[in-house]
Amino acid sequence: MQAEHALPEDVTRALRAGQRQKAIALLRAHRSIATEEAEAQIERYLEDNPPIPLRGPGVVASSRLNALVWLTLILLMGLAYWLLSG
């Protein structure tokens with residue numbers, strides 16, 4: 001992607017967070033363009049830089065609730081192991 005077509009950092013951060021509408025609004029504010037043009041620029045960016053689905057620790061880090069669920073499951077498995085082995 002050429003430098004003049006690069007998206008501002010806050011726009012790419014919103015896209016990485018899955019907030020497409022916020023990214024469109026931010027891009028419109030940065031460049032004073034119509035909604036359709038902002039959507040087209042974001043679509044081109046996403047074609048050149050497809051989002052990578054989170055796996056492993058990245059999934060846990062993406063949500064506090066998700067991290068809490070995993071922590072609870074790990075603790076329950078540890079408790080079950082301790083009860084069954086003792």
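Read the figures in this text as sums done on the coordinates, not as results from a lab. Bear in mind that the values here come from a model prediction, so they are computed numbers and not experimental data. Positions of Cβ are generated from backbone atoms using ideal geometry, with glycine treated the same way; all protein chains shown enter the neighbour counts.
Structure above, values below:
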| item | result |
| --- | --- |
| The range 73-86 - phi-based ³J(HN,Hα) in whole Hz, Karplus 6.51/-1.76/1.60, Gly and Pro as x | 4, 5, 5, 5, 5, x, 5, 4, 4, 4, 5, 7, 8, x |
| Residue exposure sequence - Ile52, Ile33 - by fewest surrounding Cβ within 10 Å | Ile52, Ile33 |
